[in-house]
Amino acid sequence: MPRLAAAAVARHAGAALRRGALEGLRRLSSLQPSHAASSEEVTERWADLPRFRGGVFRDQRRDTPSLTPYFAQVLVEGKASARAAVLNRPGYLNALTTTMGARLNKFYESWEDNPDIGFVMMKGSGRAFCAGGDVVRLRELVSEGKTEECQDFFKTLYSFIYFLGTYLKPHVAILDGVTMGGGGGVSIPGTFRIATDRTVFATPEVHIGFHPDAAASFYLSHLTGHVGEYVALTGEKLNGADMIALGLATHYSMSEHLDLVDERLAKLVTDDPSVIDSSLAQYGDMVYPDKNSIVHRLEVIDKCFSHETVEEIVDALESEAARLDEEWCTLALKRLKEASPLALKVSLRSIREGRYQTLDECLVREYRMSMHGISKQFSHEFCEGVRARLVEKDLAPKRKQSEDGQTIRVPYAPWRIEF
């Protein structure tokens with residue numbers, strides 16, 4: 001493949017930039033496999049273990065699915081001139097762990113250097129592409145005071161996202177199912193994203209006391225108008241048609257047709273993005289936004305979410321809700337008022353900063369913000385948000401209260417120094 005030979009010089013010239021973009025964030029080589037195992041190899045290893053039955057590990061006492069072993073959290077499929085990384089924690093909606101980030105870094109680096117591989121794919125097992133980072137585990141680490149392990153998680157994940165965003169080979173992500181938070185981060189910076197009728201996209205971090213990270217401040221800020229602020233602050237779920245309309249996805253396919261798409265890609269011997277693009281278009285499906293689509297609200301969204309502060313945004317939305325009497329306005333207000341006040345302020349500023357920054361600048365800033373967000377001073381918002389939404393699921397986070405019993409409205413200033 002002559003294109004790959006020509007790219008070799010650029011690849012090696014860019015290596016120093018990649019290593020330094022996140023201020024020297026190290027690769028977690030101690031957690032990375034020595035070689036890329038195929039799905040068949042992994043299955044053979046599983047078969048040798050006494051508790052492997054029916055394709056999953058079983059708890060000997062309860063006969064329920066157990067934790068996916070570290071070496072099987074990312075599987076590999078080989079194709080004619082492509083490799084596919086398969087996120088494989090279906091019981092956890094393929095939520096990302098440090099190990100998964102490390103394996104992705106290792107695999108993608110080796111595939112980029114392999115002249116026989118023309119392009120790379122990513123997909124998920126089960127009913128999700130990727131639900132983002134494993135924030136339940138992250139909450140446990142924060143509660144246990146394991147700061148270095150938290151640092152490793154963010155460094156490894158953000159390093160991979162930058163690697164993907166500067167990848168020298170075409171990348172195809174199949175977003176079939178839940179695609180939230182970090183799931184967008186490990187797909188949207190790549191070349192092609194296939195949305196389906198099962199795709200559910202969102203950046204719901206403000207509802208767990210965090211900020212849209214994993215490059216969200218970069219790609220959301222580059223959406224039309226002020227849709228990025230709307231999606232970040234409300235956490236509204238978007239379907240595949242919405243993703244196409246907003247440019248978050250590049251192609252669309254009915255989920256039942258993905259086997260045909262996969263079969264076509266498996267036969268391609270190319271590193272030419274235009275050839276891949278044509279194949280995806282040929283085997284894809286046409287889709288149009290329905291009457292409830294976000295595209296029909298862009299004018300009102302821009303009017304409300306262009307305001308400088310969260311308080312002004314809420315006031316403007318309340319006025320529009322009273323004037324329009326439309327359900328989406330009421331729901332958006334409800335989501336804003338359910339979110340962490342601190343997370344809203346931080347997230348708004350983050351999207352506004354991202355609009356004028358490069359991908360690597362956004363990731364460096366998001367890393368500092370993330371570490372600040374789980375620090376002793378601010379971690380209560382995150383830990384309590386995860387508890388209320390994902391652990392105990394009472395949907396009643398206990399925000400920090402002032403002496404008069406009111407929820408503390410924290411200004412953006414505490415995190416500003418970290419930018």
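The values are calculated or read from the model by the stated rules, or taken from the named source; none is laboratory data. Values in this document were obtained by computation on a predicted structure and should not be read as measured data. Every residue, glycine among them, receives a Cβ derived from its backbone with ideal geometry; neighbour counts consider all protein chains shown. What goes into the accessible areas is simple: the full protein's heavy atoms, side chains included, and nothing from ligands, DNA or RNA. Shrake-Rupley method; radii C 1.70, N 1.55, O 1.52, S 1.80 Å.
The table for this structure:
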{"item": "Odd one out for ALA82 among (1) at pLDDT 95 or above; (2) out of contact with any Phe, Trp or Tyr (no Cβ under 6 Å at 6 or more places or on another chain); (3) under 22 Å from PHE163 (Cα atoms)", "result": "(2)"}
{"item": "Residue match in the range 115-132 (condition: aromatic (Phe, Trp, Tyr), within 30 Å of HIS380 (Cα to Cα), in a helix (DSSP H, G or I) and touching a Leu at 6+ places or on another chain (Cβ under 6 Å))", "result": "no"}
{"item": "Selection from the range 278-313 of residues that are farther than 25 Å from VAL200 by Cβ and either crowded, with 18+ Cβ neighbours inside 10 Å or touching a residue at least 60 places away in the same chain (Cβ under 8 Å) (or both)", "result": "SER279, SER306, VAL310"}
{"item": "Test: residue in the range 389-407 that is surrounded by 19 or more Cβ atoms within 10 Å (Cβ to Cβ) and modelled with pLDDT of 95 or more", "result": "yes"}
{"item": "Residue check for ARG323: within 30 Å of ARG139 (Cβ to Cβ) and open to solvent by 40 Å² or more (accessible area, probe 1.4 Å)", "result": "no"}
{"item": "The range 232-257 residues that are under 28 Å from SER340 (Cα atoms), paired with ones that are open to solvent by 20 Å² or more (accessible area, probe 1.4 Å) and among the hydrophobic types (A, V, I, L, M, F, W, C) (beta carbon under 7 Å, 6 or more apart)", "result": "LYS237/VAL200; ASN239/VAL200; GLY240/VAL287"}
{"item": "Unmet criterion (only one of (1) more than 28 Å from ARG365 (Cα to Cα); (2) open to solvent by 50 Å² or more (accessible area, probe 1.4 Å); (3) assigned to a helix (DSSP H, G or I)) for VAL269", "result": "(3)"}
{"item": "Pairs, first over 12 Å from GLU144 (Cα atoms) in the range 371-382, second surrounded by 15 or more Cβ atoms within 10 Å (Cβ to Cβ) and among the hydroxyl-bearing types (Ser, Thr, Tyr), C-beta under 6 Å, six or more apart", "result": "GLU381/SER340"}
{"item": "Looking only at the range 157-177, and only at residues there that are buried (at least 24 other Cβ atoms within 10 Å of the Cβ) and hydrophobic (A, V, I, L, M, F, W, C), the one that is farthest from the chain's Cα centre (by Cα)", "result": "VAL172"}
{"item": "Residue check, ASP116 among the charged types (D, E, K, R) and touching a helix residue (DSSP H, G or I) at 6+ places or on another chain (Cβ under 6 Å)", "result": "no"}
{"item": "Flag for VAL186 being among the aliphatic types (A, V, I, L, M) and either within 14 Å of the chain's Cα centre (by Cα) or open to solvent by 30 Å² or more (accessible area, probe 1.4 Å) (or both)", "result": "yes"}
